[in-house]
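The values are calculated or read from the model by the stated rules, or taken from the named source; none is laboratory data. Remember, predicted model here, so these are calculated numbers, not experimental data. Using ideal geometry, Cβ is built from the backbone for each residue, glycine included, and neighbour counts are taken over all protein chains shown.
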Amino acid sequence: LTSRLPAVGTTVFTRMSALAQEHGAVNLGQGFPDFACDPALPDMVADAMRHGFNQYPMMSGAPVLRHAIANKVAAIYGHQYHPDTEITVTCGATQALTTAILCAIHPGDEVIVIEPAYDSYQPAIELAGGIPVTVAMTLGGNGYSVPWDQVQAAVTAKTRMILINTPHNPTGAVLREADMQALADIVRGTDVLILSDEVYEHMVYDGVRHESVCRHPELAARAFVVSSFGKTYHVTGWKIGYVAAPAPLMVEFRKVHQYNVFSINTPMQHGIASYMADPKPYLELPAFYQRKRDLFRNGLQGSRFTLLPADGTYFQCVRYDGISDMREAEFAEWLTTEVKVAAIPVSAFYRQGKESGIVRFCFAKKDDTLALALERLARI
Ligand code: PMP
Ligand code: GLN
């Protein structure tokens with residue numbers, strides 16, 4: 001057949017995890033925890049199975065879970081989504097993002113993507129026949145930031161959507177109130193939609209507040225907001241998340257969703273809904289990961305890596321120009337095979353493979369795993 005995605009190969013995460021396994025490297029590449037989730041969570045899922053929650057749920061998601069999500073979002077961000085018409089449970093954030101793009105983008109529509117960008121965005125835009133228009137983040141003394149004047153300059157009559165991601169993978173950057181104002185200024189008076197990837201919403205450090213677009217009524221009125229239970233509850237393999245959007249957008253989302261997956265597995269939805277009754281797990285997440293971030297950063301202080309700021313997510317980016325002038329992919333492979341610590345080249349998050357001499361480590365690991373990695377990284 002003629003490929004719909006001729007430029008796409010196997011993802012960098014899959015490749016680096018395979019290389020790490022082959023070489024017995026500590027895997028700080030692909031983002032996932034190496035520790036167990038709270039055992040109460042799988043117990044609640046098992047209970048749901050035993051209590052007979054095993055047939056198709058509603059296409060939009062189990063009502064108990066949609067209510068739990070709406071309540072959580074309202075409590076934290078002060079925006080009330082209607083659980084029946086404005087929230088849909090999805091197969092992870094990935095499916096939510098792709099479905100939002102497929103339901104909104106017509107052939108020839110432009111979608112502004114801020115790079116470095118998570119790898120699923122641009123292929124999804126291309127499958128819809130859309131045109132990704134990239135704007136590169138600026139890297140200064142305070143880390144990565146979005147040059148909103150360049151985003152504004154990228155808007156044309158064909159722009160249909162702006163895709164944002166905060167806290168940001170891979171840079172760890174966190175958008176602030178001023179960023180949201182700048183975004184609002186750009187879209188005001190246009191019909192441009194916003195797709196906001198907020199899968200790391202509960203991983204923001206040093207007391208900084210997560211600026212969900214739904215905190216901002218002007219933005220929420222035109223936004224799909226996406227999150228993932230995989231990140232929040234340490235269960236990336238469960239592949240369950242959700243999208244929230246105003247009812248007219250959700251009508252279109254569900255038209256695609258119902259013929260893409262129809263619905264997401266029932267017992268997990270009931271188990272997660274029960275688990276969400278207690279807000280502690282997500283309220284404690286910033287402190288939990290901030291400690292790991294600090295442990296990892298402190299361990300790298302004496303090394304030849306230069307640390308970039310890490311305000312959110314479970315990723316730490318580092319410059320390695322004090323060590324090597326290799327290209328990022330080559331350096332990440334060398335780290336994996338020779339130093340036995342896997343990392344992800346940040347160039348993989350740029351369409352044109354822009355080189356910055358920076359790689360990304362994931363610190364969502366047991367303290368022992370981080371200690372072993374740090375011992376190896378400090379020896380370089
Ligand atoms: N967006 C971003 C920025 C991510 O880092 C990830 C997880 N790697 C996803 C979306 C996908 O989330 P999920 O595993 O729930 O599909
Ligand atoms: N989001 C994860 C990361 O950035 C990877 C998920 C995947 O492998 N698709 O590392």
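Test Gln122 against the criterion of being touching a strand residue (DSSP E or B) at 6+ places or on another chain (Cβ under 9 Å), assigned by TED's automatic domain parsing to the domain that holds Ala220, more than 16 Å from ligand 2 (Cβ to nearest atom) and of a type in the set (S, T, N, Q), and give yes or no. Show your work before the answer.
Working: touching a strand residue (DSSP E or B) at 6+ places or on another chain (Cβ under 9 Å): yes; assigned by TED's automatic domain parsing to the domain that holds Ala220: yes; more than 16 Å from ligand 2 (Cβ to nearest atom): no; of a type in the set (S, T, N, Q): yes.
Considered against the rule, which asks whether it is touching a strand residue (DSSP E or B) at 6+ places or on another chain (Cβ under 9 Å), assigned by TED's automatic domain parsing to the domain that holds Ala220, more than 16 Å from ligand 2 (Cβ to nearest atom) and of a type in the set (S, T, N, Q), Gln122 comes out as no.
So which pairs qualify, if the first residue must be in segment 328-344 and at negative phi and part of a helix (DSSP H, G or I), the second must be of a type in the set (Phe, Trp, Tyr) and modelled with pLDDT of 95 or more, the Cβ gap must be under 9 Å, and the two must be at least 6 apart or on different chains?
Listed pairs, sorted by first residue: Glu328/Tyr320; Phe331/Tyr320; Leu335/Tyr320.
Output the helices (runs of 4 or more DSSP H) that fall wholly within segment 220-289 and possess 1 or more residues being among the β-branched types (Val, Ile, Thr), or say none. I'd like the intermediate steps shown before the answer.
Values: elements: 229-232, 247-260, 266-275, 280-283.
Of the helices (runs of 4 or more DSSP H) lying wholly inside segment 220-289, those with at least 1 residues that are among the β-branched types (Val, Ile, Thr) span 229-232, 247-260, 266-275.
Residue by residue, here is whether (1) more than 16 Å from ligand 2 (Cβ to nearest atom); (2) farther than 23 Å from Leu195 by Cα holds:
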position	(1), (2)
Leu5	no, no
Ser17	no, yes
Asn27	no, yes
Gly52	yes, yes
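Among Ala96, Ala68, Ala7, which is surrounded by 20 or more Cβ atoms within 10 Å (Cβ to Cβ), aliphatic (A, V, I, L, M) and more than 16 Å from ligand 1 (Cβ to nearest atom)? Before the answer, list the steps.
Values: Ala96 fails: more than 16 Å from ligand 1 (Cβ to nearest atom); Ala7 fails: surrounded by 20 or more Cβ atoms within 10 Å (Cβ to Cβ).
Of Ala96, Ala68, Ala7, the one residue that is surrounded by 20 or more Cβ atoms within 10 Å (Cβ to Cβ), aliphatic (A, V, I, L, M) and more than 16 Å from ligand 1 (Cβ to nearest atom) is Ala68.
Does Asp325 satisfy the criteria of being assigned to a loop (DSSP other than H, G, I, E, B), away from ligand 1 (no atom under 16 Å from the Cβ), over 16 Å from Gly31 (Cα atoms) and out of contact with any helix residue (DSSP H, G or I) (no Cβ under 6 Å at 6 or more places or on another chain)? Before you say what the answer is, go through the steps one by one.
Numbers: assigned to a loop (DSSP other than H, G, I, E, B): yes; away from ligand 1 (no atom under 16 Å from the Cβ): yes; over 16 Å from Gly31 (Cα atoms): yes; out of contact with any helix residue (DSSP H, G or I) (no Cβ under 6 Å at 6 or more places or on another chain): yes.
When the stated conditions are applied, Asp325 passes them.
Go through segment 354-371 and give me each residue that's in contact (Cβ under 8 Å) with a residue 24 or more places away in the chain, more than 14 Å from ligand 2 (Cβ to nearest atom) and not hydrophobic (A, V, I, L, M, F, W, C). It would help to see each step written out before you state the result.
Initial filter on segment 354-371 (in contact (Cβ under 8 Å) with a residue 24 or more places away in the chain): 354-367, 369-371.
After this cut, where a residue has to be more than 14 Å from ligand 2 (Cβ to nearest atom) as well, the list is 354-358, 366-367, 369-371.
Within segment 354-371, Lys354, Glu355, Ser356, Gly357, Lys366, Asp367, Thr369 meet the criteria.
List the number of the failed condition for His79; all other conditions in (1) under 15 Å from Leu249 (Cβ atoms); (2) part of a loop (DSSP other than H, G, I, E, B); (3) within 16 Å of ligand 2 (Cβ to nearest atom) hold.
The failed condition is (3).
Quick test of your reading of the structure: Lys280 fulfils all but one of (1) away from ligand 1 (no atom under 15 Å from the Cβ); (2) within 24 Å of Val45 (Cα to Cα); (3) surrounded by 15 or more Cβ atoms within 10 Å (Cβ to Cβ). Name the failing condition by number.
Looking at each condition in turn, Lys280 falls short on (3).
Using the structure shown, decide if His210 is closer than 30 Å to Arg319 by Cα, assigned by TED's automatic domain parsing to the domain that holds Gln150 and not small (Gly, Ala, Ser). Steps first, answer last, please.
Working: closer than 30 Å to Arg319 by Cα: yes; assigned by TED's automatic domain parsing to the domain that holds Gln150: yes; not small (Gly, Ala, Ser): yes.
Against the criterion (closer than 30 Å to Arg319 by Cα, assigned by TED's automatic domain parsing to the domain that holds Gln150 and not small (Gly, Ala, Ser)), His210 qualifies.
On the given criteria, is Val318 touching a Pro at 6+ places or on another chain (Cβ under 7 Å) and not acidic (Asp, Glu)?
Numbers: touching a Pro at 6+ places or on another chain (Cβ under 7 Å): no; not acidic (Asp, Glu): yes.
No; evaluated as a whole, the condition is false for this residue.
Condition check: surrounded by fewer than 21 Cβ atoms within 10 Å (Cβ to Cβ) and on the phi > 0 side of the Ramachandran plot. Does Lys354 satisfy that?
Details: surrounded by fewer than 21 Cβ atoms within 10 Å (Cβ to Cβ): yes; on the phi > 0 side of the Ramachandran plot: no.
Answer is no for this residue.
One line per residue, one yes/no per condition, for (1) away from ligand 2 (no atom under 16 Å from the Cβ); (2) part of a loop (DSSP other than H, G, I, E, B); (3) in contact with a strand residue (DSSP E or B) (Cβ under 9 Å, 6 or more places away or on another chain):
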site	(1), (2), (3)
Ile114	no, no, yes
Gly129	yes, yes, no
Val135	yes, no, yes
Tyr144	no, no, yes
Asp149	yes, no, no
Gln152	yes, no, no
Arg160	yes, no, yes
His168	no, yes, yes
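Return the total of residues in segment 196-217 being more than 16 Å from ligand 1 (Cβ to nearest atom) and among the acidic types (Asp, Glu).
1
Can you tell me which residue in segment 25-59 is surrounded by the most Cβ atoms within 10 Å (Cβ to Cβ), limited to those that are within 16 Å of ligand 1 (Cβ to nearest atom) and aliphatic (A, V, I, L, M)? Show your work before the answer.
Pass one, segment 25-59, residues within 16 Å of ligand 1 (Cβ to nearest atom): 27-34, 37, 41.
Imposing the further condition that a residue be aliphatic (A, V, I, L, M) reduces the set to 28, 41.
Working: Leu28: 30, Leu41: 21.
Among those that are within 16 Å of ligand 1 (Cβ to nearest atom) and aliphatic (A, V, I, L, M), it is Leu28.
Evaluate the following for Tyr118: is it of a type in the set (Phe, Trp, Tyr), surrounded by 18 or more Cβ atoms within 10 Å (Cβ to Cβ) and outside any strand (DSSP E or B)?
Details: of a type in the set (Phe, Trp, Tyr): yes; surrounded by 18 or more Cβ atoms within 10 Å (Cβ to Cβ): yes; outside any strand (DSSP E or B): yes.
Taking the combined requirement at face value, the residue satisfies it.
Under 6 Å between Cβ atoms, which residue pairs at least 6 apart in sequence (or on different chains) link something in segment 66-83 that is in contact (Cβ under 8 Å) with a residue 12 or more places away in the chain with a partner that is among the polar types (S, T, N, Q) and not in a helix (DSSP H, G or I)?
Tyr77/Ser212
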